[in-house]
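Here is the structure we will look at.
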Amino acid sequence: MPRREAGLRDRKKAETRERLADVAAALFADRGYDAVSVLDVARAADVSDQTVYNYFPAKHDLVLDRAEEIRLRYDRLVRDRAPGASPAEVVRALVHEDVDRLRTEDRALARGEFAALCLGSPVLRRYALEFRERQTATVAAAVVDTTAGVEALVAHAHAAALVAVVQWVTDQVGRAVLDDLPFDPVGGTTRRSADLALDDLDRHFRTLGAP
């Protein structure tokens with residue numbers, strides 16, 4: 001297949017995937033995650049249910065479709081951090097991004113996205129926590145590989161604490177969206193609390209003999 005044709009095909013697939021995710025988010029925002037089926041998404045997008053499954057193998061993938069991308073981003077940041085930097089330092093930027101999204105995101109659409117939905121659906125919450133477990137394992141492995149002499153369990157405990165901060169911030173953002181709270185003071189309070197926790201983890205990490 002010519003490169004140009006392959007590129008066009010990939011772009012169309014990406015556009016279809018994004019459209020399906022947007023349609024699903026709108027339905028979830030309106031009805032709630034548990035009340036929407038894959039067939040509902042297919043009908044609203046005017047495609048077959050098999051088309052939806054071709055892009056999203058399971059319903060929760062419509063919400064957690066960026067999970068693998070996020071996991072790999074954390075892995076890359078921790079592994080590529082500057083000499084002398086702690087994992088908390090590089091995670092801080094991502095935490096701030098999550099908080100600042102409150103200022104710019106369309107609240108109506110945000111009600112149908114991860115942060116808000118995982119507060120209201122026990123089923124989705126379970127999948128979200130499974131993702132956080134994988135994220136913890138990823139960060140722990142990166143810490144072990146980049147920190148001389150650190151014990152695997154100590155690295156895992158540190159990674160779990162970092163991911164707990166991330167999940168706490170996600171929950172605060174989700175609650176603000178559901179309750180339609182203004183960015184100020186919620187965003188500022190959430191950011192300050194997260195920074196305090198990350199400062200503590202930064203200090204702790206430096207006792208591990210990290211470079």
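The values are calculated or read from the model by the stated rules, or taken from the named source; none is laboratory data. Keep in mind it's a predicted model, so treat the numbers as computed, not measured. When we count neighbours, we look across all protein chains shown, and the Cβ atoms used for this are built from the backbone with ideal geometry, even at glycine.
Of these, Glu105, Glu97, Glu89, which one is surrounded by 14 or more Cβ atoms within 10 Å (Cβ to Cβ), modelled with pLDDT under 95, within 30 Å of Asp184 (Cβ to Cβ) and acidic (Asp, Glu)?
Unique residue meeting the criteria: Glu105.
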| query | Restricting attention to region 167-174, does a residue exist that is of a type in the set (Phe, Trp, Tyr), at pLDDT below 90 and part of a helix (DSSP H, G or I)? | reply | no
| task | Please work out which residue is nearest to Ala128 (Cα to Cα), limiting yourself to region 167-186 and to residues that are in contact (Cβ under 8 Å) with a residue 60 or more places away in the chain and surrounded by fewer than 20 Cβ atoms within 10 Å (Cβ to Cβ). | result | Leu178
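Right, Thr189: without any contact (Cβ under 8 Å) to a residue 12 or more places away in the chain and of a type in the set (S, T, N, Q) or not?
On the way: without any contact (Cβ under 8 Å) to a residue 12 or more places away in the chain: yes; of a type in the set (S, T, N, Q): yes.
Answer is yes for this residue.
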| Failed item in (1) touching a residue at least 40 places away in the same chain (Cβ under 8 Å); (2) within 19 Å of Pro87 (Cα to Cα); (3) acidic (Asp, Glu), with Asp100 passing the rest | (2)
| request: Could you please give the count of residues in region 145-160 that are buried (at least 19 other Cβ atoms within 10 Å of the Cβ) and either under 15 Å from the mean Cα position of the chain (by Cα) or assigned to a helix (DSSP H, G or I) (or both)? | output: 3
| said: Need a quick list: helices (runs of 4 or more DSSP H) entirely within region 1-92 having at least 3 residues that are farther than 30 Å from Thr147 by Cα and not assigned by TED's automatic domain parsing to the domain that holds Leu198. | reply: 3-31, 38-45, 49-55
